[in-house]
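Undergrad: This structure is in structure tokens; I'll ask about it shortly.
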Amino acid sequence: MSKFDSLLFDMDGTLWDAVDSYAKVWNATIAELRLTCPEVTRKKLEELMGTPLEGIYRQLIGNDEIKEKFLASLSENERRLMPVLGGRLYPGVRETIAELAKTKKLFMVSNCDASGVPNFLSYTGLGEFFTDFTTYGGTLCEKDVNIKALVERYKLNAPLYIGDTAGDAKSSHLAGVPFAWASYGFGKNVEEHEFVINSINGLIDICG
């Protein structure tokens with residue numbers, strides 16, 4: 001069985017489901033700025049999970065004139081609301097992360113806003129198990145660049161990236177890292193993967 005010295009995790013659709021809370025944050029921002037646009041629904045956001053924030057904005061709002069103002073307000077609302085609203089960890093995440101951290105270095109790499117991963121770690125209490133994290137909002141770099149940066153920074157010899165979308169798979173492979181598809185997440189029919197897990201505890205078998 002393959003051995004890995006480190007595991008890098010996507011957040012949304014891999015470790016938890018916070019889509020309902022994100023929808024509330026988006027709608028609070030729309031109301032705050034008094035925009036006349038359709039309500040952001042769970043269905044709309046689910047379809048865009050894994051997309052960098054500016055891409056989600058283009059799909060849901062699309063007004064270039066107010067983009068900077070909207071994203072700034074969205075970021076502040078997420079920082080303020082998500083520690084309260086939180087999300088739902090997938091079954092087994094807490095126990096599996098604690099077990100894996102005994103022998104592996106754990107990281108998170110997400111396309112979320114800069115406050116997204118800190119909010120996740122604070123809400124779930126899982127911060128003690130992770131060595132470091134990086135986000136699109138924090139670096140303005142694509143996920144493959146952020147994965148590669150962590151691999152190089154910590155001199156990881158045998159990393160594995162775990163995510164739930166085809167975009168995650170592409171980013172992982174662009175960074176030269178094998179990919180485990182979390183098939184229980186938001187992504188469907190992801191074909192480019194080395195491993196498939198139907199629940200988070202499937203990583204225990206993969207990692208040996």
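Undergrad: For the stretch 86-103, which residues satisfy the criterion of being crowded, with 16+ Cβ neighbours inside 10 Å and either in contact with a helix residue (DSSP H, G or I) (Cβ under 7 Å, 6 or more places away or on another chain) or among the charged types (D, E, K, R) (or both)? Explain how you work it out, then say what you get.
TA: Going through the stretch 86-103, the residues crowded, with 16+ Cβ neighbours inside 10 Å turn out to be 86-87, 89-90, 93-94, 96-97, 99-101.
Within the stretch 86-103, Gly86, Gly87, Leu89, Arg94, Thr96, Ile97, Glu99, Leu100, Ala101 qualify.
Undergrad: Within the stretch 49-79, which residues are under 23 Å from Leu121 (Cβ atoms) and not small (Gly, Ala, Ser)?
TA: Within the stretch 49-79, Met49, Thr51, Pro52, Leu53, Ile56, Leu71, Leu74, Glu76, Asn77, Glu78, Arg79 qualify.
Undergrad: Would you confirm, using the coordinates I've provided, whether Thr134 is in the same structural domain as Glu194 (by TED's automatic domain parsing) and either small (Gly, Ala, Ser) or touching a residue at least 12 places away in the same chain (Cβ under 8 Å) (or both)? Before the answer, list the steps.
TA: Working: in the same structural domain as Glu194 (by TED's automatic domain parsing): yes; either small (Gly, Ala, Ser) or touching a residue at least 12 places away in the same chain (Cβ under 8 Å) (or both): yes.
Yes, satisfied.
Undergrad: Give me a count of the residues in the stretch 49-63 that are closer than 18 Å to Leu140 by Cα and free of Cβ contacts under 8 Å to residues at least 40 places away in the same chain.
TA: Residues flagged as closer than 18 Å to Leu140 by Cα and free of Cβ contacts under 8 Å to residues at least 40 places away in the same chain within the stretch 49-63 amount to 5.
Undergrad: So, one more: Only one of these is under 27 Å from Ala182 (Cβ atoms), at pLDDT below 95 and out of contact with any strand residue (DSSP E or B) (no Cβ under 6 Å at 6 or more places or on another chain): Pro83, Pro38. Name it.
TA: Details: Pro38 fails: under 27 Å from Ala182 (Cβ atoms).
Unique residue meeting the criteria: Pro83.
Undergrad: Please find, within the stretch 160-172, the residue that is farthest from Thr51 (Cα to Cα) out of those that are touching a helix residue (DSSP H, G or I) at 6+ places or on another chain (Cβ under 8 Å) and either surrounded by fewer than 24 Cβ atoms within 10 Å (Cβ to Cβ) or small (Gly, Ala, Ser) (or both).
TA: Ser172
Undergrad: Please determine, by comparing only the residues of the stretch 173-200 that are exposed (fewer than 15 other Cβ atoms within 10 Å of the Cβ) and among the small types (Gly, Ala, Ser), which one is farthest from the chain's Cα centre (by Cα).
TA: By that ranking, first place goes to Gly176.
Undergrad: Hey, among Leu106, Leu53, which residue is surrounded by 13 or more Cβ atoms within 10 Å (Cβ to Cβ), under 30 Å from Ile197 (Cβ atoms) and at pLDDT below 95? Even if it seems obvious, please write down each step before you answer.
TA: Details: Leu106 fails: at pLDDT below 95.
Within the list Leu106, Leu53, the selection yields Leu53.
The values are calculated or read from the model by the stated rules, or taken from the named source; none is laboratory data. Everything quoted here is computed from the prediction, not taken from an experiment. All Cβ positions, even for glycine, are placed from backbone atoms using ideal geometry, and neighbour counts span all protein chains on display.
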